[in-house]
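Undergrad: One structure is given below, represented as structure tokens, and several questions about it will come after.
Read-outs throughout are calculated quantities, based only on the coordinates presented, and are distinct from any laboratory measurement. Predicted, not measured: the structure shown is a model, and the values here were computed from it. Neighbour counts are summed over all protein chains in view; Cβ atoms, including those assigned to glycine, are modelled from backbone coordinates with ideal geometry.
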Amino acid sequence: MAIYHATTKPISRGAGRSSVAAAAYRSGSDLTDERTGERHDYTRKGGVESAEVIMPDGSSSGRAALWNAAEAAEKRKDARTAREWEVALPSELSKEQRKELAQGFARSLAERYGVAADCAIHAPGGKGDQRNHHAHIMLTTRQVVRENGQIVMGPKSELELDNKQRAQRGLPTSQEQITDIRQEWAERQNQALERVQSDERVDHRSHEERGIEAEPGRHLGPAGTALQRELAAVRQALSEAREALRGFAADIASTAKSAVRSIMDRFREANPEIRSGEPSQGGILAGLREQRQEGGVAQDLDSTVQQAVQTNDQEQTL
């Protein structure tokens, strides 16, 4: 079943984040942050189906050059250096169709706001929901141009303006703009589903906005899926631990019973008048008291027999 998921969030230094590190992780590449000197190598990361940088004019660019330019353009310690959109991709589409859909959306954002877009498509995790295809689209917070082959960062894009600045320029509020982008994604997704003759459709509006009383479904996203995998691993480990404990308990019980039988045999050898039947706990203890006074074998086995016989009687009662 096709699901709708489209969320946006900033990547900010104030939160201890770097756009270079974020781009390296999402694209599964090896990038060095020239501002800090830190290397971010995620080339061993699995699940990245494709990763493409899209400039406002439709051309491509080197990922390292783009995001190091984005970092260099900001001086504030709490600066926003990128904005990310995370979208769910329909499992009803093929791999190439999902790529076309995600990159088309990224290209639209790049052209509309004059920014660069870095679109990385991720496959579902190995142990999670196999329908969890999704894309991470990182946008520069500044408009981007090329000058003499070099990437040059311009002013902040409309997406980064506060509502006061928007009002001064006659622009919709930030929430209205986000709603508009979410609607565009729903329309693009439905068009792609229609092209493959799927009856599935999505809606960017909440259930409340649509007059539906049921609680809306929630897309797990990569973080939620990873947590789901971790929980499944914990459940499996607990199940294996329970089985191991059951086996351990069975071994202990068997060993205890063997010990009790061995002690009983030794008791009978020390008390030849007992030929058959199971002596009672009282009888055994009485015999032990007599032999303790005589210094016989029971003196060495006294405490062990008392504990073992009590355990044996309890098991017979159960």
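Undergrad: If each of VAL234 and GLU38 carries a label point 7 Å out from its Cα toward its Cβ, how far apart are those two points in nm?
TA: Those two pseudo-labels are separated by 2.7 nm.
Undergrad: While we're on this one: Kindly state, to the nearest 0.05, the FRET efficiency for GLN197 paired with THR173, given R0 = 41 Å and r defined as their beta-carbon distance.
TA: Values: r = 38 Å, r/R0 = 0.93.
Efficiency, rounded to the nearest 0.05: 0.60.
Undergrad: Oh, and also: ³J(HN,Hα) across the range 181-194 via Karplus (A = 6.51, B = -1.76, C = 1.60, θ = phi - 60°), whole Hz, x for Gly/Pro?
TA: 5, 4, 5, 4, 5, 4, 5, 5, 5, 5, 5, 5, 5, 5
Undergrad: Amide H of LEU89: which non-local residues (sequence gap of 5 or more, or other chain) have their own amide H closer than 5 Å, using H built in the peptide plane?
TA: Under 5 Å from the amide H of LEU89 lie the amide H atoms of HIS133, HIS134, ALA135, each far enough along the sequence or on another chain.
Undergrad: Given H placed on each backbone N at 1.01 Å, which residues far from ARG142 in sequence or on other chains put an amide H within less than 5 Å of it?
TA: Close amide H contacts, sequence-distant or interchain: SER157.
Undergrad: In terms of Cα to Cα distance under 17 Å, which lysines are near enough to LYS9, apart from those fewer than 8 places away along the same chain?
TA: The reachable lysines, counting only those whose Cα sits under 17 Å from LYS9, are LYS156.
Undergrad: Amide H of SER50 versus every other amide H placed in the peptide plane: which residues, excluding those fewer than 5 positions away on the same chain, fall under 5 Å?
TA: ILE121
Undergrad: Can you list the equivalent-ellipsoid semi-axes of the range 6-219, largest first and in whole Å, using the square root of 5 times each Cα gyration tensor eigenvalue?
TA: Details: eigenvalues 161, 100, 53 Å².
That gives 28, 22, 16 Å for the three semi-axes.
Undergrad: Here's something else I'd like to know. Give me HIS207, HIS40 sorted ascending by neighbouring Cβ count inside 10 Å, so fewest comes first. Write down the numbers at each step before the final one.
TA: Details: HIS207 13, HIS40 17.
Taking fewest neighbouring Cβ atoms as first place, the list is HIS207, HIS40.
Undergrad: Is there a pair in LYS99/LYS127; LYS99/LYS164; LYS77/LYS127; LYS75/LYS95 whose C-alpha atoms are over 32 Å apart, and which pairs would that be? Write down the numbers at each step before the final one.
TA: Values: LYS99/LYS127 22 Å; LYS99/LYS164 37 Å; LYS77/LYS127 39 Å; LYS75/LYS95 40 Å.
Result: LYS99/LYS164; LYS77/LYS127; LYS75/LYS95 exceed 32 Å.
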